[in-house]
Amino acid sequence: MEITVRVNGESHTNDVEPRTLLVHYIRDVLGKTGTNIGCDTSSCGACTIHLNGESVKSCTMLAVQADGQDITTIEGLADGDELHPMQQAFMENHALQCGYCTPGMVMASVSLLDEVPSPSEAEVREGLEGNLCRCTGYHNIVKAVLAAAEG
């Protein structure tokens, strides 16, 4: 099937197999490898992107379901060489260890602050519960989200 999606502000039209997961389309066809594959079961959140501004685990969608939609990946958050405030907060607060979960955590965190601009620590922890950090870096991740919220 032919699909057209807008990814990070750029339009892409490609033929895809109807069973292709969105995460595989993003990585393998478009070459946006910042979106990681962790579990293929929606348990870890490493593949989190924004679809029409909403946080979505891209392993839970088929690429054909994204036809006509607007997608933002981790590569699309920065403005040229200027990091997105959440990316900057993650860097400044050492909110990563191995870094594998970081793109998905950042994308989920941006969505969280869109919904709850001034969250409590408990709200951050609850808001990110669908994204796993296997290195147990949650403390600094929470600090980073709270720092980004303070602006």
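The values are calculated or read from the model by the stated rules, or taken from the named source; none is laboratory data. What you are looking at is a predicted structure, and each value in this text was computed from that prediction instead of being measured. Cβ atoms come from the backbone with ideal geometry, glycine included; neighbour counts cover every protein chain shown.
Tallying residues that are surrounded by 16 or more Cβ atoms within 10 Å (Cβ to Cβ) and within 21 Å of Thr102 (Cβ to Cβ) within segment 22-41 yields 12. Inside segment 27-58, residues that are closer than 22 Å to Thr4 by Cα, small (Gly, Ala, Ser) and part of a loop (DSSP other than H, G, I, E, B) make up a count of 3.
Scanning segment 16-27 turns up one or more residues that are among the hydrophobic types (A, V, I, L, M, F, W, C) and more than 25 Å from Gly127 (Cα to Cα). Scanning segment 121-139 for residues that are in a loop (DSSP other than H, G, I, E, B), surrounded by fewer than 16 Cβ atoms within 10 Å (Cβ to Cβ) and over 16 Å from the mean Cα position of the chain (by Cα) gives Arg134, Cys135, Thr136. Report yes if some residue within segment 69-83 is surrounded by fewer than 22 Cβ atoms within 10 Å (Cβ to Cβ), within 26 Å of Arg19 (Cβ to Cβ), under 16 Å from the mean Cα position of the chain (by Cα) and small (Gly, Ala, Ser); otherwise report no. Scanning segment 69-83 turns up at least one residue that is surrounded by fewer than 22 Cβ atoms within 10 Å (Cβ to Cβ), within 26 Å of Arg19 (Cβ to Cβ), under 16 Å from the mean Cα position of the chain (by Cα) and small (Gly, Ala, Ser). Just one of (1) in contact (Cβ under 8 Å) with a residue 24 or more places away in the chain; (2) more than 19 Å from Glu115 (Cβ to Cβ); (3) out of contact with any strand residue (DSSP E or B) (no Cβ under 6 Å at 6 or more places or on another chain); (4) not aromatic (Phe, Trp, Tyr) fails for Gln69. It is (3). Of the residues examined, Ser109 is one that is under 14 Å from the mean Cα position of the chain (by Cα), at pLDDT 95 or above, among the polar types (S, T, N, Q) and not assigned by TED's automatic domain parsing to the domain that holds Val56. Quick check: anything in segment 51-60 in contact with a Leu (Cβ under 6 Å, 6 or more places away or on another chain) and at pLDDT 95 or above? Checking segment 51-60: at least one residue is in contact with a Leu (Cβ under 6 Å, 6 or more places away or on another chain) and at pLDDT 95 or above. Could you list, in sequence order, all residues of segment 43-68 that are more than 10 Å from the chain's Cα centre (by Cα), crowded, with 16+ Cβ neighbours inside 10 Å and among the small types (Gly, Ala, Ser)? Ala63, Ala66 - these are the residues of segment 43-68 that are more than 10 Å from the chain's Cα centre (by Cα), crowded, with 16+ Cβ neighbours inside 10 Å and among the small types (Gly, Ala, Ser).
The residue of segment 97-120 that is surrounded by the fewest Cβ atoms within 10 Å (Cβ to Cβ), among those that are over 13 Å from Val142 (Cβ atoms) and in contact with a Gly (Cβ under 6 Å, 6 or more places away or on another chain), is Gln97. Pairs are defined by a Cβ separation below 8 Å, a sequence spacing of at least 6 or placement on different chains, a first member in segment 52-66 that is within 18 Å of Pro103 (Cβ to Cβ), and a second member that is acidic (Asp, Glu) and part of a strand (DSSP E or B); the pairs so defined are Gly53/Asp70.
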